[in-house]
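> Could you have a look at this structure, given as structure tokens, before my questions?
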Amino acid sequence: MANFVSGAWKSGIFDNKVVFCTGGTGTICSGQVRALVSLGANACIIGRNAEKAQSVATGIAKERCGSKVLGLGGVDVRDFDKVKAAVETCVRELGGIDFVIVGAAANFLAPISALSLNAFRTIIDIDLMGSWITMKATLPYLLRSAERHKGSVSNGTGGRIVFISSTNYRSARVAQVHACAAKAGVNAISDVLSLEHAPQGLTSNIIAPGPIGDTEGLRRLSDPTLREDAIRSVPVQRLGLVKDIADATVFLFGDTGNFINGACLDVDGGSWRVRGGGQFGNRKYPESINSAASMGREKTSRL
Ligand code: COA
């Protein structure tokens, strides 16, 4: 049985569907796309690095014989024209867009005192503006798919978008004001979209991953010496798997998600309920501020 998606899903549920994904070269989003492709979808992933985008796409395509997976590089989500061109390539080569995963994001640890104007703006540009740009560039095609699938049970699902946020949106988080602000905005985009376009058949939802093991995010944003404490602080007593996020995605895009719109699915083992926003690993507030800051870059901004 595949270790990247649950065996509970029926094979072929996404036959003839197309998913467009930003951040698709990263561990979590490539796992989501891999799951959808294994269940029948074709896909287009975009990233900044062309070689990486191509090699991740080639790897995902091996999941299902006959699948088509495009890996488009040189696409920064901050650049509307580049994203729009990638969307058009996807539509031309794969025939449309039924699902969108808005996953591209960047983050680093830096307390307010060390964060320059430009550093704050950079994360807002990538996480928030990048999500906005992706949504705007794909919306016309999502609406076409929504129209094709509206009220129909026989031709599957379509016209669905999922934004990848973070459970940090629920609380302030030391050394992550930039990401907290950006993800709060991302959640707002999804929430308003879910109101404005649901009458046309589109659904918009959020997946907020908690601590997911073996990801760049966990390596960059948590202290490896406190890993055991981090695990103990998750109610289900383990870190998340990429598969956990992939299954949530299949759930929302599949027939199982038909009446779910404007929701935020926390996939975190319940950990946000335990952890205080001021804590970092097992370092209690206020020592946590310096602990998180020392994991980030040695830098204090003047602005
Ligand atoms: N701590 C504090 N400030 C930082 C920082 C850090 N770790 N990393 C970048 N910055 C600041 C830079 O100093 C700069 O501000 P300045 O002009 O005042 O010096 C600003 O952010 C922009 O940085 P720059 O590197 O020029 O921007 P970029 O657009 O080329 O790349 C990132 C920005 C975030 C994409 C890049 O740092 C990166 O690739 N990060 C790793 C990928 C990532 O975040 N993956 C997500 C997993 S959590």
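The values are calculated or read from the model by the stated rules, or taken from the named source; none is laboratory data. In this text the structure is predicted, and so the values were computed from the model without any measurement. A quick note on method: Cβ atoms are made from the backbone with ideal geometry, for glycine too, and the neighbour counts reach across all protein chains shown. Accessible surface areas use protein heavy atoms only, side chains included; no ligands, DNA or RNA. Shrake-Rupley method; radii C 1.70, N 1.55, O 1.52, S 1.80 Å.
> Probe radius 1.4 Å, ligands and nucleic acids ignored: give me the carbon and sulfur share of the accessible area of the stretch 196-303 as a rounded percent.
53 percent
> Counting heavy atoms of the protein chains only and a 1.4 Å probe, report the per residue accessible area for the stretch 1-89 as a whole number of Å².
Ligands and nucleic acids excluded, the result is 45 Å² per residue.
> Rounded to a whole number, what % of the accessible area of the stretch 106-159 do carbon and sulfur atoms account for, probe 1.4 Å?
62 percent
> Something else now. Shape of the stretch 18-300 from its Cα gyration tensor (a ≥ b ≥ c, root eigenvalues): rounded if a/c is under 1.5, otherwise prolate when a/b > b/c, or oblate?
Because a/c hits 1.5 or more and a/b exceeds b/c, the stretch 18-300 counts as prolate.
> Might you work out the accessible area of Cys264 for me, using a 1.4 Å probe with all protein chains in place, and round it to the nearest 10 Å²?
40 Å²
> How many nm is it between the label spots at Asn258 and Asn3, if each spot is 7 Å from the Cα in line with the beta carbon?
Rounded to a tenth, the inter-label distance reads 3.6 nm.
> Let me ask another. Identify which of Leu94, Leu226, Leu139 has the largest mean-square fluctuation in a Gaussian network model of the chain, with springs joining Cα atoms closer than 10 Å.
Among Leu94, Leu226, Leu139, the largest mean-square fluctuation in the Gaussian network model of the chain belongs to Leu226.
> Can you return the aspartates and glutamates within cross-link range of Lys68? Criterion is Cα-Cα under 19 Å, with same-chain partners fewer than 8 residues away left out.
Asp15, Glu51, Glu88, Glu93, Asp98
> Give, in nm to one decimal, the length gained when the segment between Trp132 and Lys10 is fully stretched (0.36 nm per residue of separation minus the Cα-Cα distance).
Full-extension gain reported as 40.7 nm.
> What accessible surface, in Å², does a 1.4 Å probe find on Arg238, ignoring ligands, DNA and RNA and rounding to the nearest 10?
That residue has around 100 Å² of solvent-accessible surface.
> Could I ask something else about it? Taking 8 Å as the Cα distance limit and 6 or more residues as the minimum spacing, I'd like the relative contact order of the chain as a percentage.
19 percent
> Further question on the same structure: For the chain, which cysteines have no disulfide-compatible partner, meaning no other cysteine Cβ under 4.7 Å?
Cys21, Cys29, Cys65, Cys180, Cys264
> Still on this structure, please answer the following. Roughly how tilted is helix 80-94, in degrees to the nearest 10 and between 0 and 90, from the longest Cα axis of the chain?
40 degrees
> Further question on the same structure: Over the stretch 92-150, average the accessible area per residue using a 1.4 Å probe and give it in Å², no decimals.
Result: 43 Å² of accessible area for each residue.
> Helix-derived [θ] at 222 nm for the chain: sum -39500 (n - 2.57) over DSSP H runs of at least 4, divide by residue count, nearest 500?
It lands at -12000 deg cm²/dmol.
> Would you please give the FRET efficiency between Ala172 and Glu51, computed as 1/(1 + (r/R0)^6) with r the Cβ-Cβ distance and R0 = 41 Å, to the nearest 0.05?
It comes out at approximately 0.60.
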